Amino acid sequence: MQRLLTVCLLLCCAGAHAETYRWTDANGRVVVSDTPPPGQARNVEKTGGKAQPDDGLPYATRLAAEKHPVLLYTAAECTGECQQARDLLKARKIPYTEKLVKTPEDLAELKQLVGDAFVPSLKVGKTSHRGFTRSAYDSLLDIAGYPKAPVGSKP
């Protein structure tokens, strides 16, 4: 019985992954959070997420995502460069997880990764980059085996 319970718990947790939501609240402020927005939110956008076997991604992308998962560190007050980083990942159709830095533990993790509390920061597999530089992001993704952006796509 205990073995069955363990298997059930593992199966339930296997599909869980962090998703980030971005929306405009009733006062016109842009909110980025890992909790779903309230009913009166406008311009709701779901960001992040991990590659799944049935997600329709090309084989090369799924393979790269398995070997070198992409994690984007952002903060609620980061708008310009964080949005540029999201746009680049979306333009290249890269499955990624967005981690909103909001707890002391998140901050410590980011400092250990890139040396200080700087967002956006990108981690591709075991390699990371502090800040947003399109060429650096493209290089990290290329080395990890992610397909290049389709011709004519702009972040």
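The values are calculated or read from the model by the stated rules, or taken from the named source; none is laboratory data. Values in this document were obtained by computation on a predicted structure and should not be read as measured data. All Cβ positions, even for glycine, are placed from backbone atoms using ideal geometry, and neighbour counts span all protein chains on display.
Restricting to the range 79-116, name every residue that is assigned to a loop (DSSP other than H, G, I, E, B) and in contact with a strand residue (DSSP E or B) (Cβ under 9 Å, 6 or more places away or on another chain).
Within the range 79-116, the subset assigned to a loop (DSSP other than H, G, I, E, B) is 79, 92-95, 101-103, 115-116.
Result: 79, 94, 95, 101, 102, 115, 116.
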Counting only residues in the range 103-152 that are farther than 16 Å from residue 71 by Cα and surrounded by 13 or more Cβ atoms within 10 Å (Cβ to Cβ), the one modelled with the lowest pLDDT is identified as 149
State whether one or more residues within the range 79-87 are among the hydroxyl-bearing types (Ser, Thr, Tyr) and buried (at least 21 other Cβ atoms within 10 Å of the Cβ).
no
Here the residues within the range 75-110 that are closer than 19 Å to residue 135 by Cα and in contact with a Leu (Cβ under 9 Å, 6 or more places away or on another chain) are 82, 85, 86, 88, 89, 92, 93, 94, 95, 96
Right, residue 145: small (Gly, Ala, Ser) and in contact with a strand residue (DSSP E or B) (Cβ under 9 Å, 6 or more places away or on another chain) or not? no
Cβ pairs under 6 Å, 6+ apart or interchain, first in the range 132-155 and closer than 11 Å to residue 85 by Cβ and among the polar types (S, T, N, Q), second modelled with pLDDT under 95 and assigned to a helix (DSSP H, G or I), ordered by first then second residue, are none
**Asked** Looking at this structure, is residue 97 in contact with a His (Cβ under 8 Å, 6 or more places away or on another chain), crowded, with 18+ Cβ neighbours inside 10 Å and in contact (Cβ under 8 Å) with a residue 40 or more places away in the chain?
**Response** yes
Of the residues in the range 54-65 that are within 11 Å of residue 144 (Cβ to Cβ) and not polar (S, T, N, Q), the one that is farthest from the chain's Cα centre (by Cα) is 60
Here the residues within the range 85-127 that are within 18 Å of residue 62 (Cα to Cα), in contact with a Lys or Arg (Cβ under 7 Å, 6 or more places away or on another chain) and of a type in the set (A, V, I, L, M, F, W, C) are 88, 91
